[in-house]
Amino acid sequence: MPDFRTLDKALATLQASDSVKEILRDLHVQALTEIPYVSTDDQPAGVALQRFVALEPDKLLLRASRATHVVEAGTSFGVSTIWLALAVSQNAAFSGGHGKVIATENETVKADRARRHWAQLGDAVLPWIDLRLEDIRESLKTNLPEQIDFVLLDIWSYLALPTLKLVQPKLRVGATIVVDNAIAAAEGYKDFHAYIEDPKNGFKNTMVPYTGGLQVIVYVGKQGQ
Ligand SMILES: C[S@@+](CC[C@H](N)C(=O)[O-])C[C@H]1O[C@@H](n2cnc3c(N)ncnc32)[C@H](O)[C@@H]1O
């Protein structure tokens, strides 16, 4: 049986109604205990267990930076999207009520389930989510906000660099990018890391010692920007 202490700690500090917290907890428990959904292009077993560890830093960084325009690369059943949408809804109070999480998924079965989860939470999250059901390399080509504040890269590693290059022109200087499993999947992230480490591309980064390695990247802007 998985250990739910990290989840309960995260929920304890979440600013949301008791019913929202209860539904969110149920979704996490389901995600951690049910037999994994197998797609043709799935990640190794065990990833689900590590994934919600990322929520603590995500939550902290999102609230602290007052990010309102967020891109989530890899939505799956929409659980992380809920945390992002709740944070954006609260941050939007400081920026004229505007904000959105662009959620991306290319598998219909997963997107349908994500929609059902969000519907359970209703207005607490629905107005804040723009789901794009398409290959991310297409769905992020158009209709991006003028400024992106935060990106969660929780997608297959070979898609990290193409995704970053699509959003980079819209990244606000100071925008944060969080990459899950950056050490565990380091082999797949080789091109991505080389790009991030090259100073001419305008990024600074650090690795936070969570299981699998959680990389936090800040966009400092290209020279002359
Ligand atoms: C690790 S999961 C995301 C988990 C989610 N962030 C969460 O914590 O609940 C990565 C997702 O990316 C999706 N994905 C893979 N390739 C994709 C592509 N080319 N375009 C859009 N989504 C893709 C997968 O179907 C999978 O659901």
Check: What accessible area, in Å² to the nearest ten, does a 1.4 Å probe give for D154?
Finding: 30 Å²
Item checked: Most to least accessible of D18, D191 (protein chains only, probe 1.4 Å) -> D18, D191
Next item on the list: Considering Cα pairs under 8 angstrom that are at least six residues apart, work out the relative contact order of the chain and quote it in whole percent.
Entry: 16 percent
Notebook entry, point to check: Build a GNM of the chain with springs between Cα atoms under 10 Å: which of N91, N181, N201 gets the top mean-square fluctuation?
Noted result: N201
Item checked: Nitroxide proxy distance, nm - points 7 Å out along Cα→Cβ at S95 and E22 -> 3.3 nm
Note to self: Tell me the per residue accessible area of the range 5-219 using a 1.4 Å probe; a whole number in Å² is fine.
What the structure shows: 46 Å²
Next item on the list: Using only the Cα atoms of the range 106-147, each taken as one equal point scatterer with no solvent, compute I(q) by the Debye sum, divide by I(0), and report log10 of the ratio at q = 0.34 Å⁻¹.
Entry: -1.09
Checklist line | Within-12-Å neighbourhood charge of V218 [Cβ basis; K, R +1; D, E -1] | finding: +1
Notebook entry, point to check: Which FRET efficiency value, to the nearest 0.05, do you get for T206 and A119 by plugging their Cβ-Cβ distance into 1/(1 + (r/R0)^6) with R0 = 25 Å?
Noted result: 0.10
Check: Top to bottom by accessible area (1.4 Å), largest first, where do H117, H193 land?
Finding: H193, H117
Margin query: Suppose we take every Cα in the range 80-163 and form the convex hull; what volume per residue is that in Å³?
Written below: 95 Å³
Notebook entry, point to check: When the C-alpha atoms of the chain are aligned to their principal axes, what extent does each axis show, in angstrom, from largest down?
Noted result: 49, 42, 32
Check: Put a dot 7 Å past each Cα toward the Cβ at L60 and T108; how far apart are the dots in nm?
Finding: 4.2 nm
Notebook entry, point to check: Simple spin-label model, 7 Å along Cα-to-Cβ: E138 to L126 in nm?
Noted result: 2.7 nm
Notebook entry, point to check: Can you give the % of DSSP beta bridges in the chain that are antiparallel, to the nearest 5?
Noted result: 35 percent
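The values are calculated or read from the model by the stated rules, or taken from the named source; none is laboratory data. Note that the structure is predicted; figures quoted are calculated from it, not measured. Cβ: placed from backbone, ideal geometry, glycine included. Neighbour counts: every protein chain shown. Quick note on the areas: whole protein, heavy atoms, side chains included, nothing else; ligands and nucleic acids left out. Shrake-Rupley method; radii C 1.70, N 1.55, O 1.52, S 1.80 Å.
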